[in-house]
Amino acid sequence: MKVLVSERDDRILGFTMSGSSAGEVISAVQTAMLANLPYSMLRNAVITHLTVAKGLGPVLANVALRGTRKLAPESASLAAS
């Protein structure tokens, strides 16, 4: 797994993964990207069952904290769901 995160606003700009379960993980990352969520929202998400997507937390834990980003109103409502 590799992730590219914006230094300006902590959004996920790109993601790549190879392997048999890559589609499952890419789907979760794509959802966060479409919602313009900061990487920390995905990093802190609780993955409800044992899947390969549970690896997103550790890969995003390596991103250096650069500050906080305020969510746009539509993103905030998605995050609260």
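Any read-out appearing in this document is the output of simple, stated calculations on the displayed coordinates, not a laboratory observation. Nothing here was measured: the structure is a model prediction, and the numbers come from that model. Note that we place each Cβ from the backbone using ideal geometry, even for glycine, and neighbour counts take in every protein chain shown.
Per-structure values
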quantity: Where labels lie 7 Å past Cα in the beta-carbon direction, separation of R66 and S21 in nm; calculated: 3.0
quantity: Rg/Rg_globular for region 2-64, with Rg_globular taken as 2.2 N^0.38 Å and Rg from C-alpha atoms; calculated: 1.02
quantity: Gain upon complete extension [N44, Q30; 0.36 nm per residue less C-alpha separation]; calculated: 3.4 nm
